[in-house]
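Remarks on the structure that follows.
The values are calculated or read from the model by the stated rules, or taken from the named source; none is laboratory data. Computed from a predicted structure; not experimentally measured. No Cβ is skipped: glycine too gets one built from the backbone with ideal geometry, and neighbour counts run over all protein chains shown. When the accessible area is computed, the model is the full protein with side chains, heavy atoms only, and any ligands, DNA or RNA have been set aside. Shrake-Rupley method; radii C 1.70, N 1.55, O 1.52, S 1.80 Å.
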Amino acid sequence: MPVKDLVSWNSMIAGTARNSCLKDAMNIFSKLVNSGLVPDGFSFSSVLSACAQAGARCYGMWVHQLMAELGLEMNHILSSSLVDMYAKCGRIDVAIGIFKTIKRNHVSVWNTMIGGLAAHGLGSDAVMFFREMESEGLVPDGVTFVALLTACSHSGMVEEARQYFEAMTTKYSITPRIEHYGAMVDTLSRAGLLDEAYDLVKTMNVKPDAVIWRALLSACCRYRQTKLGEITVKEIAFQGSGDYTLLSNIYSSANRWEDSEEVWKERKKKGIRKSKGLSWVELGRSTHEFKAGDRSHPDTDGIYKVLHRLSNKAKSEGYIPLTELVSKDVSEEEREENLTVHSEKLAVAYSILKTMPRTEIMVSKNLQTCSDCHEWMKIVSKVLCRVIIMRDRVRFHRFEGGCCSCKDYW
């Protein structure tokens, strides 16, 4: 276009952000700033959304600084965007600090804050903020209760979840939607109450979707409930790669290798490709991505040296690779090597290679992290005296001194 006005720029930034082209959204925003035009509230809310999705904290901080320099007038949309960005970039402390300084007269701002606390597994804090919201006279909506129930789920607050699920209808006349049932099923499943979760699924007043069945299937894998897992996977209309992986893991953990192999054969027969794990780290304002076993990075040699040195140190501190997670009937050495080169471990090794000692590390992943990587991160945080923050598809994990903020409840 020979002439690009602010509406044109904003349309491109919003469009790329909504379609998960996050690097493009940030690059276009940078070009807008360099064009001489002054970004407005729409520009900032869209690019902050991109930063939040990507976990691009450094870029998001620069955007926030630019907002302050321009003296941009804050509204509930921009306030929510800022809180959301810092929460999803691992700085829940900054998100809370901003929340306490802004106008909180719109329910969306509270929903964002409670949702951020939920993602960090801070269930008690989420409940506290919800009560404060009620005391200030704001009426919660359906989104509020999704965030609140999710917070209870991630913190093992089963009784509180039951109370809020009931209060939705009895106190606030909100009819539970599929998202509320999903959060409640997830709460019960994570707590190992699989029979109660299954009963809830069967008695729901809406048809359960794949998300609900997958929450149950994931719990079946964790608690090794093979029979219920087999029932659950059949209920998923369009089975994806992750469903086959979970069922295969259920079988392999029970040493049913033939059944596990049959699951993979069925997946290949249907032409369903395995979802590839992808992890990334932001250093400065550049993002570095890694796949499992990745050797495409320019610093591959250094990354693998650091990785193997870390794994050896971790073993000396008590780390034992969870080789039963590898769903192939191969040698123990091959299983261990398969676990060693998971994408999040490569991302951590690269961060250690490129940052100063004791620097905080932030890693994002597109899938849920596995139990082996979770144990490895705990021990590495202790060995190196570093904080490692892991943002996976489900929630945040903060590893420090050999412990995780999730308290091994995830």
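Here are the numbers:
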{"read-out": "Calculated FRET value between residue 128 and residue 107, using beta carbons and R₀ = 22 Å, to 0.05", "value": "0.85"}
{"read-out": "Förster radius 45 Å - calculated FRET efficiency between residue 385 and residue 75, Cβ distance, rounded to 0.05", "value": "0.60"}
{"read-out": "Residues of the chain: accessible area per residue with a 1.4 Å probe, Å²", "value": "49 Å²"}
{"read-out": "Inter-site label distance for residue 209 and residue 227 at 7 Å from Cα along Cβ, in nm", "value": "3.1 nm"}
{"read-out": "Bins of 10 Å from zero: percent of alpha-carbon pairs in segment 1-85", "value": "19, 57, 22, 1"}
{"read-out": "Residue-by-residue Karplus 3J(HN,Hα) for segment 47-52, coefficients 6.51, -1.76, 1.60, Hz, glycine and proline x", "value": "6, 5, 4, 4, 4, 4"}
{"read-out": "Under the Karplus curve 6.51 cos²θ - 1.76 cosθ + 1.60, θ = phi - 60°, whole-Hz ³J(HN,Hα) for segment 364-372, x wherever Gly or Pro sits", "value": "10, 9, 7, 10, 6, 5, 8, 4, 5"}
{"read-out": "Only Lys, Arg (+1) and Asp, Glu (-1) charged, at Cβ; segment 278-404 dipole about Cα centre in debye", "value": "580 debye"}
{"read-out": "Semi-axis lengths (Å, descending) of the ellipsoid that matches the C-alpha gyration tensor of segment 138-230", "value": "23, 13, 10"}
{"read-out": "Tensor-based shape of segment 187-237 (alpha-carbon gyration tensor, a/c under 1.5 rounded, otherwise prolate or oblate)", "value": "oblate"}
{"read-out": "Value in Å of the Kirkwood radius, where the chain supplies the Cα pairs that are averaged", "value": "22.9 Å"}
{"read-out": "The chain: most fluctuating residue of 74, 157, 377 per GNM, C-alpha cutoff 10 Å", "value": "74"}
{"read-out": "Residue 353-residue 177 pseudo-label distance in nm [points 7 Å out on the Cα-to-Cβ vector]", "value": "4.5 nm"}
{"read-out": "Global geometry of segment 278-404, whether rounded, prolate or oblate, following the gyration tensor of its Cα atoms and the 1.5 cut on a/c", "value": "rounded"}
{"read-out": "FRET efficiency, residue 195 to residue 24 (Cβ-Cβ, R0 60 Å, nearest 0.05)", "value": "0.80"}
{"read-out": "Percent accessible area from carbon and sulfur atoms, segment 1-103, protein chains only, probe 1.4 Å", "value": "57 percent"}
{"read-out": "Spatially proximal lysines relative to residue 269 (Cα-Cα < 22 Å; intrachain offsets below 8 disregarded)", "value": "234, 328"}
{"read-out": "Which listed pairs, of 100/382; 354/378; 31/354; 315/345, have C-alpha distances above 23 Å, in listed order", "value": "100/382; 31/354"}
{"read-out": "Gaussian network model of the chain, Cα within-10 Å springs - most flexible of 167, 87, 191", "value": "167"}
